[in-house]
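A quick write-up on the structure given underneath.
The values are calculated or read from the model by the stated rules, or taken from the named source; none is laboratory data. If you're wondering where the values come from, they're calculated on a predicted model, not measured in any experiment. Quick reminder, even Gly has a Cβ in these numbers, built from the backbone with ideal geometry, and neighbours come from all protein chains shown. These area figures cover heavy atoms from the full protein model, side chains too; ligands, DNA and RNA do not enter into them. Shrake-Rupley method; radii C 1.70, N 1.55, O 1.52, S 1.80 Å.
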Amino acid sequence: MSCSTNICLSGTGVYDDTYTIDGLYFGLDYYTGSTNGYYIFYSTTENRWCLAANLGDPCILFGPNPTSSSCPDFYPSILSDGVCPPTPPPPVPCDIDFNAEFDC
């Protein structure tokens with residue numbers, strides 16, 4: 001089975017990003033975040049897919065343990081195949097000019 005080249009993590013805050021296959025780690029694909037620099041890899045010590053700041057670090061986010069999946073299997077509520085949709089720009093603040101007078 002071939003894993004998706006890109007996967008999207010969303011709903012996790014700082015870890016939200018598009019992750020792209022960047023090589024092999026212990027014989028399985030690992031992914032690197034396109035903007036945040038975090039890694040998704042299979043941890044042989046934890047027997048599950050992990051997200052961490054460096055390859056081999058303890059898991060910050062993780063999938064089920066144990067797993068038999070050769071592809072990242074974080075929970076479907078936060079993981080999807082493909083590139084993350086673009087973040088909509090913040091709304092433009094209202095440019096209201098007014099004067100207020102207060103009677104003290």
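A few points about this structure:
- Here the extension length gained between ASN36 and THR67 equals 8.6 nm, from 0.36 nm per residue of separation less the Cα-Cα distance.
- Legend: residues GLU101, GLU46, sorted from most to least accessible area (1.4 Å probe; ligands, DNA and RNA excluded), read GLU101, GLU46.
- Accessible surface, per residue, of the chain when the full set of protein chains is kept, probe 1.4 Å, Å²: 66
- Sparse-neighbour loop sites [chymotrypsin sites (Phe, Trp or Tyr not before Pro); the range 18-71; at most 16 other C-beta within 10 Å; DSSP]: PHE26
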